[in-house]
């Protein structure tokens, strides 16, 4: 699905990524974690084809990004960014409809409107459809963009990739779980999810694989139970923690502090 | 979420049509007996059943002028909407960022200094020399402003507006200097260009304007989706399959062509590209899939209305049309400043 070999990236002679190897398969939900400044977002941006240089080492469905047609690519891959322009003077529905732009020329088809309605119901923003986007709260805006990103990938393409940069910012507990359930479900249907998260317990709960970064390198990579150990976490964050096992789901539960 | 664009467009075209009829009717010259419709019909069929003077006034004076108001108004409004879209700011219009000044400046230089060039080039090109100059001036100005104001993938709109002020001052000074070099007939041309007027309308000029309009609109008018998506941010627009860099480059080029041609034939008429998108935004929020096509019609309506007023309000004299558009535009400029001061 996505393969990157020895990805390096530097900004003004400051090296942010130092030879990262990533490979993600169909049906996986890869969660990238790590302390501030570890290079998580940069890695995600490189994998999303946002940094036009340094993408020659990355293969998406066996093709380099520059070998893809840009419109075709938009039906195979979508990205949720961390920071959106807060000033978009449009009704919520029109913002979500942007996700369908690759599919229609000037007039949205019935299928586009149906896709918009479906994803807006899934993300719980259907009730906001007539509201002005600018009047929404941070968490609501976040979910509107999530709906837009999912609307972009509502199609017949077999294996799709969605990249999310801290999608849970500003969301309450219920919506955090709702969003991650939605993503896990998307992955189970033969697609791939790559997301940056801060909450290690949510990573442990939903990831099929966890990638722990530190200082632009991969510190550990594997199943949540292998990566989220007291040793790895303490080394990455420089902060002590204890690990328990969730009584019902059997994934690690991390408690920080002594 | 029904698509109401066809309905709005149709209604707008009707308004434009009625206004054009009214405008043909109004003016200093009074027709002897026949109505405007009869004269128009007679010109089209060529049967010569109406007095020659009437036919001349409609066919050679008022009709070309009405058509030019429509073409220039439309072009100015669309170029304003497009620039606002790619620079993501309602103040980024051709006149405020100095594109119009750049075009006027080069038009003035071509009028006065073009004499010597004129002798060595074929006659067919004489006519388009000023247009070429205005286009190059517009393109130069917009490239300069864009280069100054951009960095790190962002465009600083305050810097853009200030660069526009600088270019306008330069234009003002050089056009002033040119008036001292100019001969009498050139001086008349210069005054005309500086204040803006549709008085010089001819069918040839309208033909060129129509070609420019059709050529640029065939690309630009369907870019509403792209301009909407760019509100998310340029990277995110690219994720939606939009070729952001290409669209920006072509929009800048086409805007320069549109503004250059409009300035070459009708002088610098300001604020149309500011007023129309502002009003449309109040009605339809910032949905460019609606406001871009609609600005093409409403720009025409605004300029035709302004021109009709300008040639009747102080009859038999004529008010420079730039005075009227500025009277409307300055308050809109203020309103935008008040509304958007937080995000500047």
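Out of curiosity, is residue A:90 farther than 24 Å from residue A:129 by Cα, surrounded by 14 or more Cβ atoms within 10 Å (Cβ to Cβ) and facing chain B (nearest Cβ under 9 Å)?
Values: farther than 24 Å from residue A:129 by Cα: no; surrounded by 14 or more Cβ atoms within 10 Å (Cβ to Cβ): yes; facing chain B (nearest Cβ under 9 Å): yes.
When the stated conditions are applied, residue A:90 does not pass them.
Out of everything in the stretch B:1-50 that is surrounded by 14 or more Cβ atoms within 10 Å (Cβ to Cβ) and within 14 Å of chain A (Cβ to nearest Cβ), what residue ends up being nearest to residue A:128 (Cα to Cα)?
B:1
Being closer than 22 Å to residue B:224 by Cα, touching a residue at least 12 places away in the same chain (Cβ under 8 Å) and within 11 Å of chain B (Cβ to nearest Cβ) is the requirement here; does residue A:163 meet it? Talk me through it step by step, then tell me what you get.
Working: closer than 22 Å to residue B:224 by Cα: no; touching a residue at least 12 places away in the same chain (Cβ under 8 Å): yes; within 11 Å of chain B (Cβ to nearest Cβ): yes.
Here the answer is no, as residue A:163 does not meet what is asked.
So, in the stretch A:63-87, of the ones that are facing chain B (nearest Cβ under 8 Å) and touching a residue at least 40 places away in the same chain (Cβ under 8 Å), which residue ends up nearest to residue A:138 (Cα to Cα)?
Looking at residues that are facing chain B (nearest Cβ under 8 Å) and touching a residue at least 40 places away in the same chain (Cβ under 8 Å), I get A:84.
Residues in the stretch B:203-232 that are within 14 Å of another protein chain (Cβ to nearest Cβ) and touching a helix residue (DSSP H, G or I) at 6+ places or on another chain (Cβ under 9 Å): how many? Give the derivation first.
Keep residues of the stretch B:203-232 that are within 14 Å of another protein chain (Cβ to nearest Cβ), which gives B:217-232.
The next check asks that each one be touching a helix residue (DSSP H, G or I) at 6+ places or on another chain (Cβ under 9 Å); those that pass are B:217, B:219-232.
Total meeting the criteria: 15.
Go through the stretch B:237-266 and give me each residue that's within 14 Å of chain A (Cβ to nearest Cβ) and out of contact with any helix residue (DSSP H, G or I) (no Cβ under 7 Å at 6 or more places or on another chain). Show your work before the answer.
Within the stretch B:237-266, the subset within 14 Å of chain A (Cβ to nearest Cβ) is B:237-247.
Selection gives B:245, B:246.
Residues to consider are B:112, B:145, B:70; find the one that is buried (at least 18 other Cβ atoms within 10 Å of the Cβ) and either within 18 Å of the chain's Cα centre (by Cα) or closer than 22 Å to residue B:298 by Cα (or both). Outline the logic, then answer.
Working: B:112 fails: either within 18 Å of the chain's Cα centre (by Cα) or closer than 22 Å to residue B:298 by Cα (or both); B:145 fails: either within 18 Å of the chain's Cα centre (by Cα) or closer than 22 Å to residue B:298 by Cα (or both).
Only one candidate qualifies: B:70.
Taking the residues in the stretch A:137-159 that are assigned to a loop (DSSP other than H, G, I, E, B) and touching a helix residue (DSSP H, G or I) at 6+ places or on another chain (Cβ under 6 Å) as candidates, determine which candidate is farthest from residue B:4 (Cα to Cα).
To start, the set of residues in the stretch A:137-159 that are assigned to a loop (DSSP other than H, G, I, E, B) comprises A:137, A:153-159.
Filter once more, so that each one left must be touching a helix residue (DSSP H, G or I) at 6+ places or on another chain (Cβ under 6 Å): A:154-155, A:157.
Details: A:154: 25, A:155: 26, A:157: 31 Å.
Here the answer is A:157.
For the subset of the stretch A:93-110 comprising residues that are surrounded by fewer than 18 Cβ atoms within 10 Å (Cβ to Cβ) and facing chain B (nearest Cβ under 7 Å), which member is nearest to residue A:121 (Cα to Cα)? Please lay out each step first, then the result.
Narrowing the stretch A:93-110 to residues surrounded by fewer than 18 Cβ atoms within 10 Å (Cβ to Cβ): A:104-107, A:109-110.
With facing chain B (nearest Cβ under 7 Å) added as a condition, the list becomes A:106-107.
Working: A:106: 25, A:107: 22 Å.
Among residues in the stretch A:93-110 that are surrounded by fewer than 18 Cβ atoms within 10 Å (Cβ to Cβ) and facing chain B (nearest Cβ under 7 Å), the one nearest to residue A:121 (Cα to Cα) is A:107.
From the set of residues in the stretch B:267-291 that are in a loop (DSSP other than H, G, I, E, B) and within 22 Å of residue B:138 (Cα to Cα), which is farthest from the other protein chains (Cβ to nearest Cβ)? Steps first, please.
Residues of the stretch B:267-291 that are in a loop (DSSP other than H, G, I, E, B), as a first pass: B:267-271, B:285-287.
Next, only the ones that are within 22 Å of residue B:138 (Cα to Cα) stay: B:267-271.
Numbers: B:267: 33, B:268: 30, B:269: 28, B:270: 25, B:271: 21 Å.
Among those that are in a loop (DSSP other than H, G, I, E, B) and within 22 Å of residue B:138 (Cα to Cα), it is B:267.
Picking from B:302, B:214, B:283, which residue would you name as being more than 20 Å from residue B:102 (Cβ to Cβ) and either touching a residue at least 40 places away in the same chain (Cβ under 8 Å) or under 12 Å from the mean Cα position of the chain (by Cα) (or both)?
On the way: B:214 fails: either touching a residue at least 40 places away in the same chain (Cβ under 8 Å) or under 12 Å from the mean Cα position of the chain (by Cα) (or both); B:283 fails: either touching a residue at least 40 places away in the same chain (Cβ under 8 Å) or under 12 Å from the mean Cα position of the chain (by Cα) (or both).
On inspection, the qualifying residue turns out to be B:302.
State which residue is surrounded by the most Cβ atoms within 10 Å (Cβ to Cβ) when the search covers only the stretch B:151-188 and only residues that are at pLDDT 85 or above and closer than 30 Å to residue B:236 by Cα.
Filtering first and then ranking leaves B:164.
Which count do you get for residues in the stretch B:170-211 that are outside any loop (DSSP other than H, G, I, E, B) and in contact (Cβ under 8 Å) with a residue 60 or more places away in the chain?
Here is the first cut: in the stretch B:170-211, the residues outside any loop (DSSP other than H, G, I, E, B) are B:170-181, B:184-195, B:203-211.
Subset that is in contact (Cβ under 8 Å) with a residue 60 or more places away in the chain: B:170-172, B:174-175, B:178, B:181, B:186, B:189-190, B:192-195, B:203-206, B:208-210.
So the count comes out to 21.
Return the total of residues in the stretch B:219-245 being under 29 Å from residue B:105 (Cβ atoms) and part of a helix (DSSP H, G or I).
Final tally of qualifying residues: 4.
Do we have residue A:140 as exposed (fewer than 15 other Cβ atoms within 10 Å of the Cβ) and without any contact (Cβ under 8 Å) to a residue 60 or more places away in the chain here?
Working: exposed (fewer than 15 other Cβ atoms within 10 Å of the Cβ): no; without any contact (Cβ under 8 Å) to a residue 60 or more places away in the chain: yes.
No.
Answer yes if at least one residue in the stretch A:170-190 is under 21 Å from residue A:41 (Cβ atoms), out of contact with any strand residue (DSSP E or B) (no Cβ under 8 Å at 6 or more places or on another chain) and in a loop (DSSP other than H, G, I, E, B), and no otherwise.
Scanning the stretch A:170-190 turns up at least one residue that is under 21 Å from residue A:41 (Cβ atoms), out of contact with any strand residue (DSSP E or B) (no Cβ under 8 Å at 6 or more places or on another chain) and in a loop (DSSP other than H, G, I, E, B).
With respect to residue A:41, is the statement that it is within 14 Å of another protein chain (Cβ to nearest Cβ), assigned to a helix (DSSP H, G or I), touching a helix residue (DSSP H, G or I) at 6+ places or on another chain (Cβ under 7 Å) and in contact (Cβ under 8 Å) with a residue 24 or more places away in the chain true?
no
Considering only residues that are more than 13 Å from chain B (Cβ to nearest Cβ) and surrounded by fewer than 18 Cβ atoms within 10 Å (Cβ to Cβ), look in the stretch A:44-60 and name the one that is modelled with the highest pLDDT.
Out of the qualifying residues, it is A:59.
Which one of B:54, B:95 is under 19 Å from the mean Cα position of the chain (by Cα) and crowded, with 18+ Cβ neighbours inside 10 Å? Let's see the steps before the verdict.
Working: B:54 fails: under 19 Å from the mean Cα position of the chain (by Cα).
Every option except B:95 fails the conditions.
Identify, please: which residue in the stretch A:113-136 is part of a helix (DSSP H, G or I), touching a residue at least 24 places away in the same chain (Cβ under 8 Å) and within 10 Å of another protein chain (Cβ to nearest Cβ) and is, among those, nearest to the chain's Cα centre (by Cα)?
At the first step, the residues of the stretch A:113-136 found to be part of a helix (DSSP H, G or I) are A:113-122, A:126-128, A:133-135.
In the following step, the residues that additionally are touching a residue at least 24 places away in the same chain (Cβ under 8 Å) were identified as A:115-116, A:118-120, A:122, A:128, A:133-134.
Now restrict to residues that are within 10 Å of another protein chain (Cβ to nearest Cβ): A:116, A:133-134.
Numbers: A:116: 20, A:133: 22, A:134: 24 Å.
Per the stated criteria, the residue is A:116.
The values are calculated or read from the model by the stated rules, or taken from the named source; none is laboratory data. This one's a predicted model, so the numbers in the text were calculated from it and none came from an experiment. Here Cβ is always computed from backbone atoms with ideal geometry, including for glycine, and neighbour counts include all displayed protein chains.
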